[in-house]
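Presented below is the structure to which this report refers.
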Amino acid sequence: MASPRILVVDDEEDLLELLRFNLSGEGFSATCVATGEEALEKVSEEAPDLILLDLMLPGMDGLEVARRLKSQAVTKEIPIVMLTAKGEEGDVVKGLESGADDYVTKPFSRKVLAARIRAVLRRKQAK
């Protein structure tokens, strides 16, 4: 079976490299982009199995990316896990209401993140 394909969207270059490394070590195939616009472009080229999405991005923020993806028939079923430094209750609620399937705050445990990704992917397969 092929590795689940994860699209990672974050504007911190160091974090993208760390996530790419950690996700590949957990058996995922990670593609990384730094902006919301790049994320939408990548998704239109090839839909990933899951999107790991930061809220605070230059230009189009993560909430808008999630809303756009969830409003289109071809992308609405792609699970989204928000990965962000914004951990206030209101931020979590906004993220989940924008269409995120899970919400993880930075700093994070790579093992917990991988487990949450697997859980979201299992729920998607069960549908």
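When nucleic acids and ligands are ignored and a 1.4 Å probe is applied, residue 31 ends up with an accessible area of around 60 Å². Within 10 Å, at most 13 other Cβ atoms, and a DSSP state outside H, G, I, E, B define an exposed site. Report the longest part of the chain free of exposed GluC sites (Glu not before Pro). For GluC sites (Glu not before Pro) (loop position, at most 13 other Cβ atoms within 10 Å), the longest site-free span of the chain is 1-45. Here is how the number arises for the chain: DSSP H runs of 4 or more residues each give -39500 (n - 2.57), the sum is divided by the residue count, and the result at 222 nm is -14500 deg cm²/dmol. Protein heavy-atom surface of the chain, 1.4 angstrom probe: 51% of the accessible area is carbon and sulfur, with nucleic acids and ligands not counted. Placing pseudo-labels 7 Å out from each Cα toward the beta carbon at residue 92 and residue 111 gives an inter-label distance of 2.2 nm. A simple spin-label model places pseudo-atoms 7 Å from Cα toward Cβ; at residue 14 and residue 37 they are separated by 2.7 nm.
Treat each spin label as a single point 7 Å out from the Cα along the C-beta direction, and report the residue 24 to residue 126 distance in nm. Calculated label separation equals 3.2 nm.
The H on the amide N of residue 104, modeled in the peptide plane, is under 5 Å from the matching H of 82, 83, 84, each at least 5 residues off or on a different chain. Rolling a 1.4 Å probe over the protein heavy atoms leaves residue 109 with an accessible area of roughly 50 Å². With bins 5 Å wide beginning at 0, the percent of Cα pairs of the chain falling in each bin runs 2, 12, 24, 27, 22, 11, 2, 0.
The values are calculated or read from the model by the stated rules, or taken from the named source; none is laboratory data. Small disclaimer: the values here were computed from a predicted structure and weren't measured. All Cβ positions, even for glycine, are placed from backbone atoms using ideal geometry, and neighbour counts span all protein chains on display. Only protein heavy atoms, including side chains, enter the accessible area calculation; ligands, DNA and RNA are left aside. Shrake-Rupley method; radii C 1.70, N 1.55, O 1.52, S 1.80 Å.
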